[in-house]
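Below: the structure, in structure tokens.
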Amino acid sequence: MLSEKVGNLLNDQINKEMYSAYLYLDFANFYERKGLDGYANWYDIQAKEEMDHAIGILRYLQDNDYVVTLSAIAKPDKELVNLDDPLKYGLEHEKYVTSLIHNIYGAAYEDKDFRTMKFLDWYVEEQGEEEVNANDLLTKFELFGHDPQSLYSLDNELATRTYTQASILGTSEE
Ligand code: FEO
């Protein structure tokens with residue numbers, strides 16, 4: 001059912017999602033150092049979501065008898081200097097991840113692997129949301145982030161974000 005090509009692409013995607021988590025932890029770490037705890041919170045939660053994305057794919061492969069191989073996660077390689085650097089890199093990164101998901105979807109489509117296409121629908125939709133969120137963060141910063149009082153308000157807004165396990169993992173552990 002699952003071809004070697006599609007299986008391998010999904011296996012690689014586990015690593016990409018874990019790298020995303022690591023990258024966002026690096027962003028959170030940067031904002032923590034800068035005293036912007038709300039931005040740090042936002043990326044901290046984003047990192048947890050990325051790990052959920054990775055585990056969702058891992059479980060799918062396990063359920064479809066693919067032998068998963070976990071490989072080393074690369075070092076986050078973005079040089080963070082200005083306060084909006086993570087926001088710019090974040091949007092760029094999500095667009096890249098979207099292209100990866102679409103590439104796997106295309107391979108599943110070629111294989112007439114309808115099960116994997118259905119599984120990936122969740123990721124396609126999630127990527128749309130992640131790009132909107134990343135774009136919003138950047139737009140708001142560009143509009144308001146250069147005024148200390150407005151930045152304080154933005155930071156407080158982002159501090160209210162809470163983590164919810166991604167629905168791809170189900171609502172309960174069964
Ligand atoms: Fe799992 Fe933000 O892509």
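The values are calculated or read from the model by the stated rules, or taken from the named source; none is laboratory data. Every value quoted in this text rests on a predicted model; they were computed, and no experiment measured them. FYI the Cβ positions are ideal-geometry reconstructions off the backbone, even for glycines, and counts take in every protein chain you see.
Look at Ala74 and say whether it is surrounded by fewer than 15 Cβ atoms within 10 Å (Cβ to Cβ) and more than 14 Å from the ligand (Cβ to nearest atom). Yes: the conditions hold for Ala74.
When you scan the stretch 64-80, do you find a residue that is in a helix (DSSP H, G or I) and either touching an Asp or Glu at 6+ places or on another chain (Cβ under 9 Å) or over 18 Å from Ala134 (Cα atoms) (or both), even just one? No, that holds for no residue. Restricting attention to the stretch 17-26, the residues being under 13 Å from Leu100 (Cβ atoms) and either surrounded by fewer than 21 Cβ atoms within 10 Å (Cβ to Cβ) or at pLDDT below 95 (or both) number 1. Is it the case, given these coordinates, that Asp84 is without any contact (Cβ under 8 Å) to a residue 24 or more places away in the chain and either among the acidic types (Asp, Glu) or buried (at least 19 other Cβ atoms within 10 Å of the Cβ) (or both)? The answer is no for Asp84. Scanning the stretch 91-125 for residues that are closer than 15 Å to Asn11 by Cα and aliphatic (A, V, I, L, M) yields Val97, Leu100, Ile101, Ile104, Ala107, Ala108, Leu120.
The single condition from (1) farther than 26 Å from Asn41 by Cα; (2) within 16 Å of the chain's Cα centre (by Cα); (3) buried (at least 16 other Cβ atoms within 10 Å of the Cβ) that Ala107 fails is (2). When Tyr89 is tested against (1) among the hydroxyl-bearing types (Ser, Thr, Tyr); (2) away from the ligand (no atom under 14 Å from the Cβ); (3) in contact with a Lys or Arg (Cβ under 8 Å, 6 or more places away or on another chain), only condition (2) is not met. No other residue among Thr160, Thr139 is in contact with a Gly (Cβ under 9 Å, 6 or more places away or on another chain) and of a type in the set (Ser, Thr, Tyr) apart from Thr160.
For Asp44, are the conditions met, namely being more than 13 Å from the ligand (Cβ to nearest atom), farther than 18 Å from Tyr163 by Cβ and not hydrophobic (A, V, I, L, M, F, W, C)? No: the conditions fail for Asp44.
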